[in-house]
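Participant: One structure follows; several queries about it will come next.
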């Protein structure tokens, strides 16, 4: 069934055009636009609420939206810092434009009009101005280090040096998309266990502070000697009611102190060591770092960077201090002429299976490909582990909550039975 689609495309002379077409699907719209020698950037189903129902064409003038350099540098702080999805869209679209033969400065002008966030539009306009002034793309991006991470900048630098910038940008978009997908999967997987844990804790607090005190009044009026379990439960409820404000303050102080301690080098190192030793979560943290580093290193090597340069940049994406220190030692080993697989095995950074895979990649001259395979393998393994963890966490929380509430109920029943025995 035919429906309306909004499109954004670029003409062969570098003009941005957008409008609507009626077709059977997005592929049909893209094919129709390509037949008109347009470079397709975006196709979306029409919702009827968009503000560009009438097709219009505008020049992608680089200076049309340019603002001061100060605003270009400070815009991310005031108008929302561009995220991973913005970088992915930027790399994808710029690769498409360059592949279609659009000059770099003109392509950046087009992208400045396409970006939704004003801060990112301003940054791209500033990058375009710097390129017109004789700067290379990676140098212009490096000037906005708050927006473009070192991995992004260095891959662009490698692509410019090798003359394959559009290829590297497409590969960079795939890399960023893979990292973003993994991050979103981790967050979405932890939402339900987090809500379940908070619900369990809230239910226990309500029982201790609202339900049990009502029984305490009844038992006090009767004046009988209560069982030990009942007295402990009533005492816990009284303690929470009397000192809840102090407990909240202690929790906040403990959180602030822990945060400050983790920010210190020794505290951070101790915390990262502790995370890796956790029974179930430790292997998950390790797999996250291995997958991220493998993907990054494989992408950097495939973009033309040297081994030393790629490892030096790639270790920056490893967040765990223990593993990053191990990579520092790996870097020193590489400078002495050792193979990557041998250095990783000696430092305990990679699991044995991954080390053997990398050794094969080194022997066949396809190390970048093998690194990407290792990253994909541990991404899949990580998702399976997270799924297993969440499936185990749910019944465990329910069991603990049931046991705690069951103990409360039993302690109350013991007191009630004592009253009945007194009456007999």
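Every number in this text was worked out from the coordinates using simple rules, so none of it is lab data. Predicted, not measured: the structure shown is a model, and the values here were computed from it. Note that each Cβ is placed from the backbone with ideal geometry, even for glycine, and that neighbours are counted across all protein chains shown.
Participant: What order, most packed first, do the peptides 308-318, 380-390, 352-362 have when packing is the mean number of other Cβ atoms within 10 Å of each residue?
Facilitator: Result, highest mean Cβ count within 10 Å first: 308-318, 352-362, 380-390.
Participant: If you don't mind, there's one more thing I want to ask. Taking 0.36 nm per intervening residue step and subtracting the Cα-Cα distance, what contour gain separates residue 174 from residue 400 on full extension?
Facilitator: 77.1 nm
Participant: Could you calculate the FRET efficiency of residue 325 with residue 376 from 1/(1 + (r/R0)^6), where r is the beta carbon distance between them and R0 is 30 Å, rounded to 0.05?
Facilitator: The value I calculate is 0.70.
Participant: With Kirkwood radius over Cα pairs in Å in mind, check [x] 24.6; [y] 26.4; [z] 22.2 and report the label derived from this structure.
Facilitator: Here Kirkwood radius over Cα pairs in Å agrees with entry [y].
Participant: Please list, in order, the residues from the stretch 208-229 whose amide nitrogen is less than 15 Å from a point placed 7 Å along the Cα→Cβ vector of residue 241.
Facilitator: Of the residues in the stretch 208-229, 208-222 have backbone N under 15 Å from the label point off residue 241.
Participant: Could you tell me what % of all Cα pairs in the stretch 269-337 have separations over 19 Å? Don't skip to the end; give the middle numbers.
Facilitator: On the way: 839 of 2346 pairs.
The answer is 36 percent, as a whole percent.
Participant: Next up: What distance in nm lies between label points placed 7 Å from Cα along the C-beta direction at residue 346 and residue 198?
Facilitator: The answer from the label model is 4.8 nm.
Participant: Which values, in whole Å and largest first, are the semi-axes of the equivalent ellipsoid of the stretch 178-424 obtained as the square root of 5 times each eigenvalue of the Cα gyration tensor? Walk me through the intermediate numbers first.
Facilitator: Numbers: eigenvalues 603, 71, 38 Å².
Equivalent-ellipsoid dimensions as semi-axes: 55, 19, 14 Å.
Participant: Still on this structure: Ranked by Cβ crowding within 10 angstrom, fewest neighbours first, how are 271, 244, 138 ordered? Don't jump to the answer; show the numbers that get you there.
Facilitator: Numbers: 271 16, 244 12, 138 20.
In order of increasing Cβ crowding within 10 Å: 244, 271, 138.
Participant: Roughly how many Å is it from the Cα centre of the stretch 84-121 to that of the stretch 195-269, as a whole number?
Facilitator: Each part's Cα centre sits 54 Å from the other's.
Participant: Expressed as an acute angle from 0 to 90° and rounded to the nearest 10, what is the orientation of the C-alpha long axis of helix 165-206 relative to the principal long axis of the chain?
Facilitator: 10 degrees
Participant: On a C-alpha basis, how far is the centre of the stretch 270-329 from the centre of the stretch 349-396 in Å? Whole number, if you could?
Facilitator: So the separation of the two Cα centres works out to 12 Å.
Participant: How large is the helix-only mean residue ellipticity at 222 nm for the chain, computed as the sum of -39500 (n - 2.57) over DSSP H runs with n ≥ 4, divided by its residue count, in deg cm²/dmol to the nearest 500? Walk me through the numbers on the way to the answer.
Facilitator: Numbers: 17 runs with 306 residues, N = 424.
Dividing the helical sum by the residues of the chain leaves -24500 deg cm²/dmol.
Participant: Still on this structure, I have one more. Give, in nm to one decimal, the length gained when the segment between residue 248 and residue 263 is fully stretched (0.36 nm per residue of separation minus the Cα-Cα distance).
Facilitator: 3.1 nm
Participant: Working out 0.36 nm times the residue gap between residue 338 and residue 363, then minus their Cα-Cα distance, what length gain in nm do you get to one decimal?
Facilitator: Extending this stretch completely gives an extra 7.6 nm.
Participant: Given contacts defined as C-alpha pairs under 8 Å and at least six residues apart, what's the relative contact order of the chain, whole-number percent? Present the calculation step by step, with values, prior to reporting the outcome.
Facilitator: Working: 496 pairs, mean separation 53.5, N = 424.
RCO, the chain: 13 percent.
Participant: Give the average over all directions of the projected area of the C-alpha convex hull of the stretch 144-275, one decimal, in nm².
Facilitator: Numbers: hull surface 54.6 nm².
Quarter of the Cα hull surface area: 13.6 nm².
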